1. Only residues that are surrounded by fewer than 19 Cβ atoms within 10 Å (Cβ to Cβ) and either of a type in the set (A, V, I, L, M, F, W, C) or outside the structural domain of Ser148 (by TED's automatic domain parsing) (or both): list them for the stretch 115-133, please.
2. Within the stretch 90-100, which residues are over 9 Å from Leu156 (Cα atoms) and at pLDDT 95 or above?
3. Name the one entry in Thr28, Thr49 that is of a type in the set (S, T, N, Q), modelled with pLDDT of 50 or more and either over 19 Å from Trp132 (Cα atoms) or surrounded by 14 or more Cβ atoms within 10 Å (Cβ to Cβ) (or both).
4. Can you spot a residue in the stretch 79-102 that is under 20 Å from Ile50 (Cα atoms) and out of contact with any Asp or Glu (no Cβ under 8 Å at 6 or more places or on another chain)?
5. Given the criterion crowded, with 17+ Cβ neighbours inside 10 Å and in contact (Cβ under 8 Å) with a residue 60 or more places away in the chain, identify the matching residue among Val112, Val146.
6. I'd like to check something: does the stretch 90-100 contain any residue that is closer than 23 Å to Asp62 by Cα and of a type outside the set (Lys, Arg)?
7. I'm trying to understand the selection: among the residues of the stretch 82-101, which are buried (at least 17 other Cβ atoms within 10 Å of the Cβ), free of Cβ contacts under 8 Å to residues at least 60 places away in the same chain and of a type outside the set (A, V, I, L, M)?
8. If I ask for residues that are closer than 18 Å to Ser148 by Cβ and either more than 11 Å from the chain's Cα centre (by Cα) or of a type in the set (D, E, K, R) (or both), which ones from the stretch 53-70 would you list?
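The values are calculated or read from the model by the stated rules, or taken from the named source; none is laboratory data. This one's a predicted model, so the numbers in the text were calculated from it and none came from an experiment. FYI the Cβ positions are ideal-geometry reconstructions off the backbone, even for glycines, and counts take in every protein chain you see.
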Amino acid sequence: MFRLFIFFLPFLLISSSLPAHNKQDIVTLEKRFSFSSFSKIQKIFIADTIPADGIFDEKQVDKKAEFKGGKEKWNEFITKKMNVHITEFGVMDYGVCILRFVVDAKGKVSKVEALTRQNTKLSEVLIDALTWGPKWIPAQKDGKPVKSYRTLDVTLRPPDFK
């Protein structure tokens, strides 16, 4: 009995710190857990794990968050934003800027960060464009919109690039 309690202690600690999406989700999870078999519980727990911060990784969702209108509209939007600042870009801005951000269940973008080309005019323009731009279509998990991370890369080439 003591050993079994040790196995479940981390689960109890984790579950108490998880954000509740709604009461129905909690009840559903509680009904699915049965203490008859540890391996069964372990499998269910892994399948139903909600991230501690409530934000799903791109690999955990069924459908990634996307810009309204798809890639074509995203390219139009970001090109417009970058063209406004085209004369301000320098040598350090040319290349790929990888961005990571959060899209909540209502499509609002937040926590935008540049993973590459940090502290450049390019990253500043891209972060502002995402932060103040239109809402996105949120990611989906089990047919419901969820808060998730999204990663994108944007390439800026020098004017003489062929």
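1. Residues satisfying the conditions are Leu115, Ile127, Trp132.
2. Ile98, Leu99, Arg100
3. On the way: Thr28 fails: modelled with pLDDT of 50 or more.
Checking each option against the conditions leaves just Thr49.
4. Yes, the stretch 79-102 has at least one match.
5. Val146
6. Yes, some residue in the stretch 90-100 is closer than 23 Å to Asp62 by Cα and of a type outside the set (Lys, Arg).
7. Within the stretch 82-101, Cys97, Phe101 qualify.
8. Matches in the stretch 53-70: Asp53, Asp57, Glu58, Lys59, Asp62, Lys63, Lys64, Glu66, Phe67, Lys68, Gly70.
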